[in-house]
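First the structure, in the form of structure tokens, and then the observations on it.
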Amino acid sequence: MQTGQRRLARFFFYGHLWVGILFTVLLLVIGVTGILLNHKVALGLMPEVDNSAIDDVRNALPLSAIVDRSDTAILAELGDLPELDRIDVRLGSGLAKVSYRDDANHEVTLDLSTGEILEIGKRNDIFLEKLHSGEIFGEGWILLSDAAAVGLLALLISGYWLWLFPRWRHRDKRGASR
């Protein structure tokens, strides 16, 4: 084997080893939380409400009315008004989900046409989403999730190299002996 090929093989071997060691825990957390998030409805981590679709967005209440009704409902439920986090409008379900930033991640689900409160509940999947993205440790930690993705790509590339390189080398030896 040529010296350059040996160096490259050694580089990929040790690179694969150390990237794997460094990112194992992070990749396990991202993988497990990703699986749980894919099945959050079945696991009961997210309240799911049945409703009929809205035929035209012009028939929906304005966002200000949705927020007012949601704020009134959450204030009655908690006795306090947490900071508004986001509004998820789902035309296909005819729903608006208004999420709040409190310790329990409360969410109010309303009918888009009537403004009727359909559900007030806790979003137990928010913790998993923030852990999955790294956001739970602060916004700067989201880059750690990106680093894990780069690490995973490095593991895939080096793993394929480590798997294919001996086969190529073995094939070259057989070809040279003929």
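Could you check the spin-label model distance between SER64 and ALA104? Points 7 Å from the Cα along Cα→Cβ, value in nm.
Distance between the two pseudo-spin positions: 3.1 nm.
Taking Cα atoms, how many degrees apart are the long axis of helix 63-78 and the longest axis of the chain, rounded to 10 and kept between 0 and 90?
Tilt of helix 63-78: around 90 degrees.
List ASP68, ASP111 from most exposed to least, where exposure is judged by having the fewest other Cβ atoms within 10 Å.
ASP68, ASP111
Evaluate the relative contact order of segment 51-140 (contact order divided by residue number), counting alpha-carbon pairs under 8 angstrom at least 6 apart; express in whole percent.
On the way: 138 pairs, mean separation 22.9, N = 90.
Relative contact order of segment 51-140: 25 percent.
Which three extents, in angstrom, do the Cα atoms of the chain have along their principal axes, listed largest first?
81, 35, 26 Å, listed from the longest principal axis down.
If contacts are Cα pairs under 8 angstrom and at least 6 residues apart, what is the relative contact order of the chain in percent? Before the final figure, lay out the partial values.
Working: 208 pairs, mean separation 45.1, N = 178.
Relative contact order comes out at 25 percent.
Straight-line reach from LYS97: which aspartates and glutamates have a Cα under 15 Å away, not including same-chain ones fewer than 8 places off?
Filter leaves GLU48, ASP50, ASP68, ASP71, GLU83, ASP85, ASP88, GLU107, ASP111, GLU116, GLU119, ASP125.
Would you mind computing, in nm to one decimal, how far apart the modelled labels at ASP80 and LEU162 are, each placed 7 Å from Cα along Cα→Cβ?
5.0
Values in this text are rule-based calculations from the coordinates and carry no lab data. Just so you know, these numbers come straight off a predicted model, no measurement behind them. For neighbour counting, all protein chains shown are included, and Cβ atoms are generated from backbone atoms with ideal geometry for every residue, glycine included.
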